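Single-structure report; data block below.
The values are calculated or read from the model by the stated rules, or taken from the named source; none is laboratory data. In this text the structure is predicted, and so the values were computed from the model without any measurement. Here Cβ is always computed from backbone atoms with ideal geometry, including for glycine, and neighbour counts include all displayed protein chains.
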């Protein structure tokens, strides 16, 4: 669709499978559905995709699960922060049940309450919580920055990294 020429998160997940990982999870908390990631990973053995995103919102996809391994957790525009947190917790719980060897995180900070491009409701402490929850999975993981257009982005990333580090 013109925004992502190389889908780094999907490439990394497939490379991990090709080089010995047996179960790779992609956890995507960008406010926009990762339709390209989903299309690449659809029905790929050993990979599961978990996307928490606003729907409806650009690109207009992600209203339901796809294939046998792509799980979508849409959140309606202007839903309260508690709904976002509950949806994130459900997706993280489902991902934990998959028991991944490796977790690849599409870290999108545009679900932030004051981000100018969407209608998210998350605050800095929610990104801290996401980092803490990922750390608590007990599986190695890495994150790639996907989105976030607020001038508060550095603070949001710092909160996430503090959650990851246990701070």
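General remarks:
- Meets criteria (over 25 Å from residue 102 (Cβ atoms), modelled with pLDDT of 95 or more and surrounded by 17 or more Cβ atoms within 10 Å (Cβ to Cβ)) for residue 75: yes
- Test result for residue 154, under 15 Å from the mean Cα position of the chain (by Cα), at pLDDT 95 or above and surrounded by fewer than 19 Cβ atoms within 10 Å (Cβ to Cβ): no
- Taking (1) free of Cβ contacts under 8 Å to residues at least 24 places away in the same chain; (2) more than 20 Å from residue 156 (Cβ to Cβ); (3) out of contact with any helix residue (DSSP H, G or I) (no Cβ under 9 Å at 6 or more places or on another chain) in turn, residue 82 satisfies each apart from (2).
- Considering each residue of the stretch 88-111 in turn, none proves to be surrounded by fewer than 21 Cβ atoms within 10 Å (Cβ to Cβ), over 26 Å from residue 45 (Cβ atoms) and out of contact with any helix residue (DSSP H, G or I) (no Cβ under 9 Å at 6 or more places or on another chain).
- Residue 45 being loosely packed, with under 13 Cβ neighbours inside 10 Å and at pLDDT 95 or above: yes
- Selection of the stretch 121-147 for residues being within 17 Å of residue 77 (Cβ to Cβ) and touching a strand residue (DSSP E or B) at 6+ places or on another chain (Cβ under 6 Å) yields 122, 147.
- Residue in the stretch 118-131 that is surrounded by fewer than 16 Cβ atoms within 10 Å (Cβ to Cβ) and under 25 Å from residue 38 (Cβ atoms) present: yes
- Any hit, the stretch 15-29, residues being surrounded by fewer than 24 Cβ atoms within 10 Å (Cβ to Cβ), within 30 Å of residue 123 (Cβ to Cβ) and either touching a residue at least 40 places away in the same chain (Cβ under 8 Å) or in contact with a strand residue (DSSP E or B) (Cβ under 6 Å, 6 or more places away or on another chain) (or both): no
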